[in-house]
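Below is one structure; the comments refer to it alone.
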Amino acid sequence: MTHAAGVYATLNDWIAHEAIPFSLDSRPDFNAAVDTVIDSLGDSVALLGFGEGLHGGEELLVLRNQLFQRLVEAYGYSAIAIESSFPRGPIVNEYVLGHGPASYEAVLDTGLSHGFGKFEANRELVEWMRQYNADPAHQMKLRFYGFDSPTDVITDSPRQTLHVALDYLNSVDEALGQEYQNRIDPLLGQDSAWENPAAALDPTQAIGRSAEATALRIETEELIAELRVR
């Protein structure tokens, strides 16, 4: 990380010279490696991305956890977003803030998509964030987000996302918020209808073309317009 781009003849040469060795078994060793990377980025980086090409492996999740902990404790990072359902993210976020359910088991399926809640490293991440936030000495509270769009074979009911928006509207205009909620809630129906995996291969089983879904789309657009002026 000390040379300009193009100095090395091959990718292997670049890796051989620029790789930063570390061990997850030694926290000081790992922290020193993270510090080297962060120091090379300068002060302008506010959002740091960490990619991985493997789903289902615990090792990279353990690496991610230790990286996030170092970024929080040494550099003031305050949030993490993982490749899990965006609409479900607030459920986990409420848990790490000390609200909502009292145990991780209550959010591992509802708050994380694709079965990711069952990975032990994800449990460790969420529990560490909750413990960090519970310490009154930590005035800056950590936040959890999902950024995956629920538009593949696994879909999510819009209930969670709409209720986040409705909760905000209720907080600034309770009467209007309740009016919208009274119109929207009956149109949501059962979550299972929105989350039916068979609809991915058979459009006739999808709820999207129903009269209720059409009416819900109109109500949602009106809600968005209302929120934009708030």
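With Cβ to Cβ distances under 9 Å as the rule, what net charge do the other residues near L112 carry (K, R +1; D, E -1)?
With Lys, Arg at +1 and Asp, Glu at -1, the net is +1.
Of the candidates A215, A81, A121, which one comes out as most mobile in a Gaussian network treatment of the chain with C-alpha springs shorter than 10 Å?
Of the options given, A215 has the highest mean-square fluctuation.
Does the range 159-228 come out rounded, prolate or oblate, given a ≥ b ≥ c as the square roots of the eigenvalues of its C-alpha gyration tensor, rounded meaning a/c under 1.5 and, failing that, prolate meaning a/b above b/c?
Since a/c reaches 1.5 and a/b is larger than b/c, the shape of the range 159-228 is classed as prolate.
Working out 0.36 nm times the residue gap between E226 and A102, then minus their Cα-Cα distance, what length gain in nm do you get to one decimal?
41.2 nm
Equivalent-ellipsoid semi-axes (√(5λ), Cα gyration tensor) for the range 74-149, whole Å, largest first?
That gives 20, 14, 11 Å for the three semi-axes.
222 nm [θ] for the chain, helices only, -39500 (n - 2.57) per DSSP H run of 4+, per residue, to 500?
Helices in the chain give a 222 nm mean residue ellipticity of -16000 deg cm²/dmol.
Quick one, what does Rg over Rh come out to for the chain if you take C-alpha atoms and the Kirkwood Rh?
Ratio of gyration radius to Kirkwood radius for the chain: 1.05.
At a Förster radius of 41 Å, what calculated FRET efficiency corresponds to the Cβ-Cβ distance of A134 and N12, to the nearest 0.05?
FRET efficiency, A134 to N12: 0.30.
With an 8 Å cut-off on Cα pairs and a minimum separation of 6 or more residues, tell me the relative contact order of the chain in percent.
Normalised by residue count, the contact order of the chain is 15 percent.
Sort I224, I184 so the one with the fewest other Cβ atoms within 10 Å of its own Cβ comes first.
Result, fewest neighbours first: I224, I184.
Bear in mind these aren't lab numbers, they're just calculated from the coordinates by the rules spelled out. Everything numeric in this text was worked out from a predicted model, so none of it was measured. Neighbour counts are summed over all protein chains in view; Cβ atoms, including those assigned to glycine, are modelled from backbone coordinates with ideal geometry.
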